[in-house]
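The values are calculated or read from the model by the stated rules, or taken from the named source; none is laboratory data. Here the structure is a predicted model, which is why all the values come from computation and not from measurement. Cβ placement follows ideal geometry from the backbone for every residue including glycine, while neighbour counts extend to all protein chains displayed. Areas reflect the complete protein model, heavy atoms only, side chains present, ligands, DNA and RNA absent. Shrake-Rupley method; radii C 1.70, N 1.55, O 1.52, S 1.80 Å.
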Amino acid sequence: MKATFPHLAHLNVVLEVLYPALGIEVIPPPPITKKTIEIGVKLAPQNACFPMKVTLGNFIEGIEKGADTIFMAGGVGPCRFGYYGQIQRIIIEDLGYDVNFVLIDSPRYGWKNFFSSLKTMVGGKWSISRIHRAVRLAWNVLRYVEDLEKTSRLVRWKLKEPSQLDGLMEKSLKEIKNITSVAQLEEIRSNALHEISQLNTIEKNEPIKIGIVGEVYIAQEFRVNFNIEKLLGNMGILVDNSVSTAEYVLNFFPLTRSREKEEAWKLAKPFLKRFVGGEGIDTVGSTIRYAQQGFDGVIHLYPFTCMPEAVAKSVVAGVGREYNIPILHLAIDEHAGEAGMITRVEAFVDVLEMRRQQNVREASCS
């Protein structure tokens, strides 16, 4: 079995640990490029969600590298994510590729189908304890990778040479792919955090703080959102991203919603009382949380035509007025351009800086 996968931030690092631990050979797709997007746009329905187009491009490029198996998460509800795997499987079959496409639906909607997919993944020959060890290792890798990303956001804004941070992260992520135990992961983690703490910083005043909310794929996949976190960090902005792959995995299973997600849903309830699919409620709740925590602004990232985020966008506008916090909405699809996005982000930062200065002047006069 030679499996490929869709890119999502640094999820490839996790899967390149998990798959070999389950006896599956990994065929990583090439990094997302213009070619990847062109493949997906050409093959997918015109009105399909942008993440579906990009991940379809990942699959095609992975198959062309020799993959014969695809594992894809499923879903239900107003969000079109539940259709991705079904449509992608049909497209791949119509192209004549001989590929085993395994759709893994959440056990929330039936344990029988979930265990059937799991059996296909492990080949029916592994013990429960062996599967548990592999999944536990992969879960620890996922949490560490997200902690590393969070640490990067916390320090980038004040670094003298941010490129050194990029080198350390690349080195750490490369080392993780070769681990076979949690102990090895902890050693890499300790070394990476120590090296990051030694990077040269510049004394700066309190930074502008921007929170990122939105759809799970666009808000995290830096190769399609033009690496907005790095862009802001290199501008001296302290960034926090409310969207998390680990949170998404937890929500995939029954009764495993995190404390942060529960808090976001409670905060959103006065503004959005019904589940609208995807991360719609999380977008609203996280925007409120950023406002309460004193953030200067929020950037809302989502795929163009995304229904749950379109609903959230209209609600978030009211949140912005209620809490007096500026919101920048960025819809991204195959027509989005880096230059235009950078211009809008820079203008938004200018607005936040002017607001900060005005608040200081008003405070000094009172």
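A few points about this structure:
- Extended-chain gain in nm, criterion 0.36 nm per residue less alpha-carbon gap, Ser197 and Met1: 66.4 nm
- Taking the charge dipole of the stretch 1-113 about its Cα centre, with +1 at Lys and Arg Cβ atoms and -1 at Asp and Glu Cβ atoms, the residue from Ile24, Ile63, Leu11 reaching farthest to the positive side is Leu11.
- Inter-label distance for Glu206 and Arg356, nm, one decimal - labels placed 7 Å from Cα along Cα-to-Cβ: 1.0 nm
- Candidates Glu16, Glu146, Glu186: whichever shows maximal mean-square fluctuation once the chain is modelled as a Gaussian network with Cα springs under 10 Å: Glu186
- Approximate spin-label separation Thr180-Lys266, in nm, with each point projected 7 Å along Cα-to-Cβ: 4.5 nm
- As a fraction of the 1.4 Å probe accessible area of the chain, surface on carbon and sulfur atoms comes out at 52 percent.
- Note that the stretch 219-366 presents 49 Å² accessible area per residue, ligands and nucleic acids not counted, probe 1.4 Å.
- Degrees, to the nearest 10: 128-156 long Cα axis against longest axis of the chain: 20 degrees
- Peptide ranges 301-313, 262-274 listed from the most packed, as the mean C-beta count within 10 angstrom indicates: 301-313, 262-274
- Inter-centroid distance (Cα atoms) of the stretch 172-223 relative to the stretch 271-299, Å: 24 Å
- FRET E, pair Arg321, Arg259, Förster distance 22 Å, beta-carbon r, rounded to 0.05: 0.20
- Solvent exposure of the stretch 1-118, expressed per residue, is 44 Å² of accessible area, with all protein chains present and a 1.4 angstrom probe.
- Of all lysines in the structure, those lying under 18 Å Cα to Cα from Lys261, and not within fewer than 8 positions of it along the same chain, are Lys150, Lys269, Lys273.
- Gain on full extension, evaluated as 0.36 nm per residue between Glu25 and Phe304 minus their Cα-Cα distance, stands at 97.0 nm.
- Ranking by accessible area, most exposed first, for Arg289, Arg89 with a 1.4 Å probe: Arg89, Arg289
- Charge tally for Ser286 (other residues, Cβ to Cβ under 10 Å; Lys, Arg +1; Asp, Glu -1): -3.
- Measuring between alpha carbons in the structure, the pairs from Lys230/Lys313; Lys160/Lys313; Lys53/Lys230; Lys42/Lys313; Lys266/Lys313 lying more than 26 angstrom apart are Lys160/Lys313; Lys42/Lys313.
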